[in-house]
Amino acid sequence: MSISGQVSAASLKDTVRQAIRDAIISNQLKPGERIIETEVAKSLGVSQVPVREALRGLEEEGLVKSVKYTGAFVTEIDISEIFHMYTLRAEIEANVIAHILPSLTKRHFGELYDIVERMKTNGAPHDHAAASALDLQFHWTIVEWGQIAVYNRIWSMVNNHIHRFIAYMHPRTIEDGRDDYEYHKRLIEVLEQGDIDRAKADFRAHIMWAFSKLSTTSGKGGAADAPE
């Protein structure tokens with residue numbers, strides 16, 4: 001088990017929760033691994049109380065499972081559940097696009113092009129962490145423009161699971177950043193055309209294609225294991 005970081009006194013529970021969440025999403029804490037409260041508390045320099053509270057919160061997020069008389073464990077990755085999370089994310093983004101597209105301006109498109117340009121010029125062509133961060137920034141920027149709080153909350157929670165899945169699979173899914181550039185550039189071009197139905201359809205297809213690509217290379221179950 002490896003969790004490190006400095007914890008401020010301002011909000012121990014939230015800070016500890018974020019530290020453990022980050023360790024799970026990045027797969028420092030592996031699926032099925034036991035989370036030992038005393039070890040986490042020692043590594044973060046806190047008491048066991050905020051660790052216990054943080055684990056309860058992470059259980060609500062679906063990242064941790066408590067087993068009576070045994071302890072807390074990182075949840076396993078369920079390919080069927082991941083499929084539904086991608087589906088939910090696709091619907092959220094499609095709904096946000098329908099809401100914001102009529103009001104998008106050149107400034108908005110310019111902001112998206114800036115992100116996509118960094119995908120093209122991304123230093124190492126196989127820098128998965130950088131590519132993943134830029135993909136996250138692109139989609140989160142669009143969701144945030146919607147200013148729909150419930151979508152923001154659900155999207156963030158779902159995306160934690162998705163990025164955990166990506167990190168778990170990433171040795172087999174690293175691709176040239178130029179591919180990400182082309183995919184996302186086409187999405188912006190669709191948005192610029194102003195056709196809401198097509199934009200919604202293309203974003204849905206893009207997100208579900210990402211799931212299909214990852215799941216079929218996972219070795220832990222593929223698209224065939226996901227619901228139709």
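The values are calculated or read from the model by the stated rules, or taken from the named source; none is laboratory data. Since we're looking at a predicted model, the values are computed, not measured. Ideal geometry is used to build each Cβ from the backbone, glycine not excepted, and the neighbour counts take in all protein chains shown.
With respect to residue 113, is the statement that it is of a type outside the set (A, V, I, L, M) and within 13 Å of the chain's Cα centre (by Cα) true?
Values: of a type outside the set (A, V, I, L, M): yes; within 13 Å of the chain's Cα centre (by Cα): no.
For residue 113, the condition - of a type outside the set (A, V, I, L, M) and within 13 Å of the chain's Cα centre (by Cα) - is not met.
The set of residues in the stretch 49-74 being closer than 22 Å to residue 159 by Cα, surrounded by 13 or more Cβ atoms within 10 Å (Cβ to Cβ), of a type in the set (D, E, K, R) and free of Cβ contacts under 8 Å to residues at least 40 places away in the same chain consists of 56, 59, 65. When residue 140 is tested against (1) assigned to a helix (DSSP H, G or I); (2) buried (at least 18 other Cβ atoms within 10 Å of the Cβ), only condition (2) is not met.
Being in a helix (DSSP H, G or I), outside the structural domain of residue 25 (by TED's automatic domain parsing) and modelled with pLDDT of 80 or more: is that true of residue 197 here? Yes, satisfied. Here 106, 13, 65 are screened, and the one residue that is closer than 24 Å to residue 134 by Cα and not small (Gly, Ala, Ser) is 106.
Applying the selection to the stretch 145-181, what residues are modelled with pLDDT of 85 or more, in a helix (DSSP H, G or I) and exposed (fewer than 14 other Cβ atoms within 10 Å of the Cβ)? Scanning the stretch 145-181 gives 149, 150, 153, 156. With respect to residue 81, determine if the residue is within 24 Å of residue 25 (Cβ to Cβ), touching a residue at least 40 places away in the same chain (Cβ under 8 Å) and surrounded by fewer than 17 Cβ atoms within 10 Å (Cβ to Cβ). Against the criterion (within 24 Å of residue 25 (Cβ to Cβ), touching a residue at least 40 places away in the same chain (Cβ under 8 Å) and surrounded by fewer than 17 Cβ atoms within 10 Å (Cβ to Cβ)), residue 81 qualifies.
Scan the stretch 113-144 for residues that are of a type outside the set (Ser, Thr, Tyr), closer than 22 Å to residue 74 by Cβ and modelled with pLDDT under 90 and report the count. Working first, answer last.
Initially, the stretch 113-144 is screened for residues of a type outside the set (Ser, Thr, Tyr), giving 114-120, 122-131, 133-140, 142-144.
Those left that are additionally closer than 22 Å to residue 74 by Cβ: 128-129, 136.
The next check asks that each one be modelled with pLDDT under 90; those that pass are 128-129.
Result for the stretch 113-144: 2.
Select from the stretch 16-48 the residues that are more than 23 Å from the chain's Cα centre (by Cα) and without any contact (Cβ under 8 Å) to a residue 12 or more places away in the chain and write down the one among them that is surrounded by the most Cβ atoms within 10 Å (Cβ to Cβ). Lay out the reasoning, then the answer.
Start the filter on the stretch 16-48 by keeping residues that are more than 23 Å from the chain's Cα centre (by Cα), which leaves 36-48.
From what is left, the residues that are without any contact (Cβ under 8 Å) to a residue 12 or more places away in the chain are 38, 41-42, 47-48.
Details: 38: 9, 41: 19, 42: 13, 47: 12, 48: 12.
Out of the qualifying residues, it is 41.
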